[in-house]
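What follows draws every value from the coordinates through simple rules; no lab data is involved. The shown structure was predicted, so the numbers you read here are calculated from the model rather than taken from an experiment. Cβ: placed from backbone, ideal geometry, glycine included. Neighbour counts: every protein chain shown.
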């Protein structure tokens, strides 16, 4: 029996192959897990950021509507202008800052812009981050004044 | 004693423990992945519940309810800031709430000295609740 055609050590060779395949499986599993987890973290951070932006816009909206109540008997009566409120740089910056702070606390970076617009009787907020779009909406009757 | 009879079974017996360890490692890595993902999801849901209610009991309840398939009794959590501290004890709207959780993975054969694996996750949300 020479070294090539002999049967001795066959099981050892097969075992070495199986161990190699096992090690490859472990590395592959780890790589896939890291990707899935990074994606989940990014999604969670984006959702938290758009919720924070929506809350900041809601605060600005409530302050805007509340500010008009004090002048309800004025002539002419003041009217709400939600579109102007949403376009106001101060409102946009407050929403962007809230989104950036929340994203940072969740270990992600947000340096884009927050878009907000009236659609029917809701304010829709949209945030783009890492190729993903995150949306939130809040009820705002003053978007469609009667 | 120079025959080849039984050599395969002897070789197999030699490598079997190594194969079992590799199989165990694959299962452990897969379980770690499941635990990390489940804990990440649970902390995000718990932080969201905290943002809406500002209530530690609700936060812990949400964490326990959403941490499946992990055992809730193996999960420890930490909420910052505490409910008794400012700004949560006053008007916390606009401040950030963070929920951290850790889970100790039950390791088979842990009694022979295999290390314990602890998985951690955290999530933060802006508090929307008003008193």
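Here is how the numbers come out for the structure above:
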item: In Å, descending, principal axis extents of the Cα set of region B:1-70; result: 78, 14, 11
item: Directionally averaged projected area (convex hull, Cα atoms, chain A), nm²; result: 13.3 nm²
item: The protein assembly as shown - mean residue ellipticity at 222 nm from DSSP helices (-39,500 (n - 2.57) per run, n ≥ 4, rounded to 500); result: -18500 deg cm²/dmol
item: Average partner coverage of A:87-97, which counts Cβ from other chains inside 10 Å; result: 0
item: Label-to-label distance, nm, for residues given as residue B:24 and residue A:37 (7 Å Cα→Cβ offset); result: 2.2 nm
item: Average other protein chain Cβ within 10 Å of Cβ, residues A:102-108; result: 4
item: Cα Rg over Rh - the protein assembly as shown, Kirkwood; result: 1.24
item: Per-residue mean of C-beta atoms belonging to partner chains within 10 Å, peptide B:115-127; result: 4
item: Volume per residue that the Cα convex hull of chain B spans, once the total is divided by residue count, Å³; result: 105 Å³
item: Selected from A:99, A:90, A:54 as most flexible by GNM, with chain A as the system and alpha-carbon contacts under 10 Å; result: A:90
item: Most to least packed among B:57-63, A:119-125 [average Cβ atoms within 10 Å]; result: B:57-63, A:119-125
